[in-house]
Ligand SMILES: [Zn+2]
């Protein structure tokens with residue numbers, strides 16, 4: 001999923017109880033099956049919360065990177081502009 005999709009998805013999950021329940025059920029089924037095999041069914045719902053929180057953290061980290069690369073582009077453009085001005089001035 002790209003940033004926008006992930007953002008929309010997470011926002012929707014936060015605001016839509018039906019989808020959150022759907023996701024919870026899917027998660028519980030998927031992880032629950034693994035855990036039944038492992039014999040460890042402890043703390044599944046907090047694992048889902050962690051998963052959602054991790055996704056949110058990754059999303060803000062990605063946004064931060066986008067912001068940094070934009071800042072770098074602006075800085076490079078500004079440096080090029082200064083170089084051009086110097087060339088013209090000399
Ligand atoms: Zn929904």
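Any read-out appearing in this document is the output of simple, stated calculations on the displayed coordinates, not a laboratory observation. Quick caveat: nothing in here was measured; it's all calculated off a predicted structure. Because the Cβ atoms are built from the backbone with ideal geometry, glycine has one as well, and the counts that use them run over all protein chains shown.
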Those residues that are more than 9 Å from the ligand (Cβ to nearest atom) and either more than 16 Å from residue 46 (Cα to Cα) or touching a residue at least 60 places away in the same chain (Cβ under 8 Å) (or both), I need them from the range 1-28; list them, please. 1, 2, 3, 4, 5, 6, 7, 8, 9, 10, 11
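Of the residues 38, 54, which is loosely packed, with under 12 Cβ neighbours inside 10 Å and under 22 Å from the mean Cα position of the chain (by Cα)?
Step by step, each of 38, 54 is checked, and only 54 is loosely packed, with under 12 Cβ neighbours inside 10 Å and under 22 Å from the mean Cα position of the chain (by Cα).
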